[in-house]
Amino acid sequence: MAAVDLGAGSGRVMLAEIAADGVSLTEVHRFPNDPVRLLDTLHWDVLRLYAETVRGLRAALARRPDLASVGIDSWAVDYGLLDTTGALLGNPVHYRDGRTEGVPERVVAALGADRLYTTTGLQLLPFNTLFQLVAATGTPILDRAERLLLIPDLLSYWLTGVAGTEVTNASTTQLLDVRTRRWSTELISAAGLPERLFGPLRQPGEPAGDLRAEVREAVGATGPLPVTAVGSHDTASAVVAVPAEGDRFAYISCGTWSLVGVELPEPVLSAESREANFTNEAGVDGTVRYLRNVMGLWLLQESLRVWRSRGYDVELPALLAAAAREPGLAAVVDPDDPVFLPPGDMPARLARACAERGEPVPDGPAAITRCILDSLALAHRSAVRQAGRLADRSVDVVHIVGGGARNELLCQLTADACGLPVVAGPVEATALGNALVQARALGVLDGGLAELRGLLRRTLPGSGSLRTYQPTPGVEIAWRDAAERAGRRDG
Ligand code: LFR
């Protein structure tokens with residue numbers, strides 16, 4: 001299987017070799033995903049993403065000419081619009097673009113926060129597709145658009161010529177009915193959006209078409225090669241590959257964002273859940289990803305970008321080692337403050353946020369990095385506790401998957417903050433979850449998520465990709481005090 005996994009910072013194509021007794025994953029192509037600001041708008045470079053996907057598939061086929069299937073996942077909410085001939089209209093806009101400013105407030109005022117939540121189950125994030133589309137209302141592009149395709153579906157369309165909409169990612173649009181998992185035509189028309197944009201849905205594991213003849217030639221495939229729908233929302237695929245046993249676990253899919261929550265059979269749609277801004281996103285196999293978006297390592301990635309642009313010589317391993325030597329919990333901020341969402345001068349924003357809260361202002365990259373990681377660990381604690389409480393679910397262990405599982409300091413701080421063991425890994429959970437769903441669709445594996453996770457638990461420890469962090473004894477009070485200082489009511 002080839003797993004194409006597009007993240008907000010980089011994309012990769014992984015070759016996964018899966019059998020009933022083992023899984024192996026090889027990176028065959030990795031490439032930067034650099035957004036482009038054109039005039040006043042921040043865009044994704046989507047043609048480049050397509051070209052790099054083709055290049056990656058070529059590398060995968062060079063190694064395994066018998067490649068059986070391709071699956072694609074990416075970040076959520078963003079989309080391309082097609083006209084009646086299937087041509088792309090305009091260039092997809094980045095979710096960190098400022099065009100939705102003020103829109104959520106208007107939509108909530110018109111439709112009601114409660115109605116939006118009980119219909120879609122989604123947390124209010126300014127970039128939800130609903131708000132992006134409302135912001136685009138009246139533009140020539142939207143007027144001419146026949147079909148909306150989310151990013152992985154758009155790439156899949158270009159590879160196969162077949163347009164479809166995969167349901168886990170569709171659930172992040174805030175236009176899907178959380179109970180029926182179908183488009184909410186009522187909400188679509190109440191928001192003044194054209195119903196024609198929203199096509200038939202497909203489930204993870206369903207076929208998504210075969211590569212077009214010229215694509216087959218470009219990637220060097222000698223025979224038919226199918227694309228299989230996977231959990232095309234990257235977080236849905238990552239949660240598949242959380243190597244947990246039973247259901248008393250929380251997960252943190254930790255990369256640009258920290259997606260913190262639990263897996264449930266049914267959505268939680270209470271007013272308390274809405275006020276806590278918890279989301280009920282569609283997971284693989286009909287599960288609910290009950291979670292909250294925590295701003296994540298974006299704070300550090302963006303700080304690094306700014307420091308480097310100023311000529312500071314900052315390397316991540318040395319910076320994290322220096323941050324580990326800084327005094328803990330000296331200064332904490334709320335990482336979810338919307339001021340941190342857009343690209344820009346993150347160190348300056350963090351300094352301002354500390355000053356405004358009466359916290360000491362961290363000085364220099366090491367202290368700022370420590371402030372970021374302490375603040376993220378506190379936000380992880382709060383989200384894990386709230387998820388457990390709001391969903392009435394006991395949590396014994398926290399799994400950190402994704403790139404953040406490599407960050408030893410963050411994993412240890414999260415264990416300390418939560419007062420729970422943290423199992424870190426796998427780093428490439430998203431690609432693994434993507435590939436596992438393909439393998440099951442091909443009949444190589446069977447069973448539900450428990451069986452897929454069981455396979456990972458048997459395979460991963462030997463590969464050294466899981467590590468457990470125990471909470472440091474005696475630090476509970478310091479974290480409780482910090483949580484109070486940060487204004488978190490979860491104790
Ligand atoms: C993570 C992620 C989150 C989503 C954010 C924006 O990569 O997919 O789940 O909220 O990106 O799309």
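Taken together, the values in this text are just the output of simple stated rules run on the coordinates, not laboratory data. As the structure is a prediction and not an experimental result, all values here were calculated from the model. A quick note on method: Cβ atoms are made from the backbone with ideal geometry, for glycine too, and the neighbour counts reach across all protein chains shown.
Miscellaneous remarks
- Once the Cα-Cα distance is subtracted from the 0.36 nm per residue extended length, the VAL475 to ASP114 segment shows a gain of 126.1 nm.
- Projected-area average for the chain over all orientations - Cα convex hull basis, square nanometres: 21.7
- Gain on full stretching of the segment that runs from LEU39 to ARG325 - 0.36 nm per residue minus C-alpha separation: 98.7 nm
- Between the stretch 226-268 and the stretch 180-207, the alpha-carbon center distance in angstrom: 22
- Among PHE249, THR139, THR430 - extreme Cα towards positive end, dipole of the chain, charges at beta-carbon: THR430
- Of the trypsin sites (Lys or Arg not before Pro) found in the stretch 229-299, those in coil by DSSP whose Cβ has at most 13 other Cβ atoms within 10 Å are ARG248.
- Quick note on the stretch 2-234: its Rg to Rh ratio, both from C-alpha atoms and Rh being the Kirkwood radius, is 0.98.
- About its Cα centre, the dipole of the stretch 2-234 is roughly 100 debye, where the only charges are +1 on Lys and Arg Cβ and -1 on Asp and Glu Cβ.
- Between GLU356 and GLU214, the modelled label-to-label distance comes to 5.1 nm, taking each label 7 Å out from Cα in the direction of the beta carbon.
- The dipole here belongs to the chain: it is taken about the Cα centre, uses +1 on the Cβ of Lys and Arg and -1 on the Cβ of Asp and Glu, and is about 280 debye.
- Under 5 Å, built H, 5+ apart or other chain: amide partners of LEU42: HIS94, GLY98
- Relative packing of 294-305, 202-213, which averages over residues the other C-beta atoms within 10 Å, highest first: 294-305, 202-213
- Farthest positive-ward along the chain dipole, Cα basis, beta-carbon charges - from GLN386, ILE18, GLY231: ILE18
- Per-residue HN-Hα couplings for the stretch 379-385 [Karplus 6.51, -1.76, 1.60; θ = phi - 60°; Hz; x = Gly/Pro]: 5, 4, 4, 5, 5, 4, 5
- Backbone geometry of the stretch 406-421 corresponds, through the Karplus equation with coefficients 6.51, -1.76 and 1.60 at θ = phi - 60°, to 3J(HN,Hα) couplings of 7, 8, 4, 5, 5, 5, 5, 4, 5, 4, 5, 5, 7, x, 9, x Hz, x marking Gly and Pro.
- Dipole in debye (nearest 20) - the stretch 229-277, about Cα centre, beta carbon charges: Lys, Arg +1; Asp, Glu -1: 100
- Nonlocal amide H pairs with ALA424, under 5 Å, H built at 1.01 Å: ILE400, ARG467, THR468, TYR469
- For the stretch 126-141, Karplus couplings with θ = phi - 60° (6.51, -1.76, 1.60), whole Hz, Gly/Pro x: x, 9, 3, 3, 3, 6, 5, 5, 5, 5, 8, 4, x, 7, x, 5
- Built amide H within the under 5 Å cut-off of ASP210, gap 5+: VAL227
- Difference of contour (0.36 nm per residue) and Cα-Cα distance, GLU101 to ARG310: 72.3 nm
- Peptide packing: for 127-135, 307-315, 67-75, the average count of neighbouring Cβ atoms within 10 Å per residue gives the ranking 67-75, 127-135, 307-315, highest mean first.
- R0 of 45 Å, Cβ-Cβ distance ALA51-ARG485: FRET efficiency to nearest 0.05: 0.40
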